[in-house]
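The values are calculated or read from the model by the stated rules, or taken from the named source; none is laboratory data. Bear in mind the structure is a predicted one, so any value in this text is a computation, not a measurement. Counting neighbours? That spans all protein chains shown, and the Cβs are built from the backbone with ideal geometry, glycine included. All accessible areas refer to the heavy atoms of the entire protein, side chains included, with ligands and DNA or RNA removed. Shrake-Rupley method; radii C 1.70, N 1.55, O 1.52, S 1.80 Å.
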Amino acid sequence: MNEPRLRELAALLDRVATENPNDVAANLTLTGLTGNPDREIHPPTDFDLSQWFAPDTGCGSTACAVGFAMCHPPFVEQGLGMYAYPGPLGTVVPAFIDDDIQLLEFSAVEAFFEIDHWDAKALFLNTRYPEADVTAADVAARVRELLETGDLSNHLERDDPDDDEPDDDEPYDSDDDDDADADDADDEQEADIS
């Protein structure tokens, strides 16, 4: 766990929660854009944990905790950036270069903050919060909980420990039968990932 980066993230989210969004956006940068560098995007002014970064054609964008982090100058200087998928409306996701390999989405977040997949899900998936409208303050509090306790397991069910790749959609259900169809589906999913 990279404690200095997580502390900096909590402080950034405190600012997002308490300051004027345009003041926060004025201190952000968009220099870390790769993939589709011609994509026109604006600094985020709205917080929404349900999407990484939703560029707006107006004067602001909507971003989650990681979306704001992707534009935070100290994080950009340390290699966290954003990747724009092709097309004028291509999704913008976190990117991080680790050992000369560009990581995207949760892989980038996990490597940059040096947290495991389970903690990344507990911190950054809106479905892991009981509130319908998760705020930046809610995420900042959870980041501090991780820093204080080192454990967020009470916020999610862990996936199958024998599974190499976590399942982002559904928690593992130990009551499911292990039939051949399920094993075949897992093999197909793993093949798609490779």
Completion exercise
To the nearest 0.05, the calculated FRET efficiency linking Ala26 and Glu105 through their beta-carbon distance, R0 being 45 Å, is 0.95
Fill in the blank from the handout: Rounded to whole Å², per residue accessible area for the stretch 1-50 with a 1.4 Å probe reads 53
Practice task
Please give the FRET efficiency for Ala17 paired with His42, using the beta carbon to beta carbon distance and R0 = 22 Å, rounded to the nearest 0.05.
Solution key: 0.60
Problem - Simple label model, 7 Å out from Cα along Cβ direction - Ile97 to Ala137, nm - result: 3.9
